[in-house]
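The values are calculated or read from the model by the stated rules, or taken from the named source; none is laboratory data. All of these numbers come straight from a predicted model, not from anything done at the bench. Please note: Cβ atoms are built from the backbone with ideal geometry, for glycine as well, and neighbour counts cover all protein chains shown. Only protein heavy atoms, including side chains, enter the accessible area calculation; ligands, DNA and RNA are left aside. Shrake-Rupley method; radii C 1.70, N 1.55, O 1.52, S 1.80 Å.
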Amino acid sequence: MSGDTESTTARLSAQPGRARASEIEKMIRVDHAGEYGAVRIYAGQLAVLRNVPGKEELVAKLEHMAKDEEVHLARFNEIANEYGVRPTAFAPVWHVAGFALGAATALLGEKAAHACTAAVEEVIDEHYRSQVERLDQLGTEEKPLRDTIEKFRLEEIEHRDEAIASGAKEAPAYPLLSGAIKAACRLAIRISEKA
């Protein structure tokens with residue numbers, strides 16, 4: 001079995017330069033789009049909840065998570081510039097859609113806002129884990145990018161766990177809400193990879 005793994009790694013590492021570069025560009029473009037969408041989701045939630053009496057603790061949690069996402073986005077802005085990767089053409093759509101998702105879930109209540117965070121972060125965990133595995137297969141050349149993605153993945157898991165601990169699964173129609181948000185996130189990933 002280890003022989004198979006070694007030969008697979010050798011084949012992937014020997015990938016022609018342009019194909020490899022294209023794969024890295026796709027990763028960066030979609031991750032940049034995802035972090036941008038996350039910033040917009042928190043902006044929508046905070047726009048609704050910031051002035052609601054009695055929600056100061058929730059707002060503080062959301063502001064903390066939003067700041068993490070802003071750091072992630074700033075880093076992916078730098079990475080995109082370093083690699084010469086253009087943002088997704090769908091950025092204007094994610095600008096509106098992210099804010100709308102955040103605002104809508106906040107309007108449904110605190111637990112729905114947490115359900116949104118948990119669903120989004122679960123998809124991001126899967127997505128980032130897949131990218132880390134792929135970058136590991138490509139060798140050490142992309143180690144700084146791989147390490148950045150892994151660091152951000154662990155922070156996204158913290159957000160997910162905090163949302164679940166705060167009652168995400170108690171949101172009305174949680175399985176339906178969570179499933180719809182996850183499906184939308186996966187679709188946004190596929191679109192952003194291609195355009």
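Yes/no per residue for (1) assigned to a helix (DSSP H, G or I); (2) open to solvent by 30 Å² or more (accessible area, probe 1.4 Å); (3) in contact with a strand residue (DSSP E or B) (Cβ under 9 Å, 6 or more places away or on another chain); (4) closer than 27 Å to Arg29 by Cβ:
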{"residue": "Glu57", "(1), (2), (3), (4)": "yes, yes, no, no"}
{"residue": "Glu63", "(1), (2), (3), (4)": "yes, yes, no, no"}
{"residue": "Glu69", "(1), (2), (3), (4)": "yes, no, no, yes"}
{"residue": "Leu73", "(1), (2), (3), (4)": "yes, no, no, yes"}
{"residue": "Val93", "(1), (2), (3), (4)": "yes, yes, no, yes"}
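Would you say Leu101 is in contact (Cβ under 8 Å) with a residue 24 or more places away in the chain, over 18 Å from the mean Cα position of the chain (by Cα) and more than 30 Å from Ala21 (Cα to Cα)? So Leu101 fails the test. Scoring Thr148 on the criteria (1) farther than 14 Å from Met27 by Cα; (2) among the polar types (S, T, N, Q); (3) open to solvent by less than 30 Å² (accessible area, probe 1.4 Å) leaves a single failure, condition (1).
Among the numbered criteria (1) touching a helix residue (DSSP H, G or I) at 6+ places or on another chain (Cβ under 8 Å); (2) on the phi > 0 side of the Ramachandran plot; (3) free of Cβ contacts under 8 Å to residues at least 24 places away in the same chain, which one does Ala173 miss? Going through (1) touching a helix residue (DSSP H, G or I) at 6+ places or on another chain (Cβ under 8 Å); (2) on the phi > 0 side of the Ramachandran plot; (3) free of Cβ contacts under 8 Å to residues at least 24 places away in the same chain one by one, Ala173 breaks only (1). Would you point out the residue of the range 75-91, among those that are part of a helix (DSSP H, G or I) and touching a helix residue (DSSP H, G or I) at 6+ places or on another chain (Cβ under 8 Å), that is nearest to His32 (Cα to Cα)? Selected residue: Phe76. Checked against (1) open to solvent by 30 Å² or more (accessible area, probe 1.4 Å); (2) part of a helix (DSSP H, G or I), Pro172 passes all but a single condition, namely (2). Looking only at the range 40-55, which residues are open to solvent by 30 Å² or more (accessible area, probe 1.4 Å) and either assigned to a helix (DSSP H, G or I) or modelled with pLDDT of 95 or more (or both)? Answer for the range 40-55, where residues must be open to solvent by 30 Å² or more (accessible area, probe 1.4 Å) and either assigned to a helix (DSSP H, G or I) or modelled with pLDDT of 95 or more (or both): Arg40, Ala43, Ala47, Val48.
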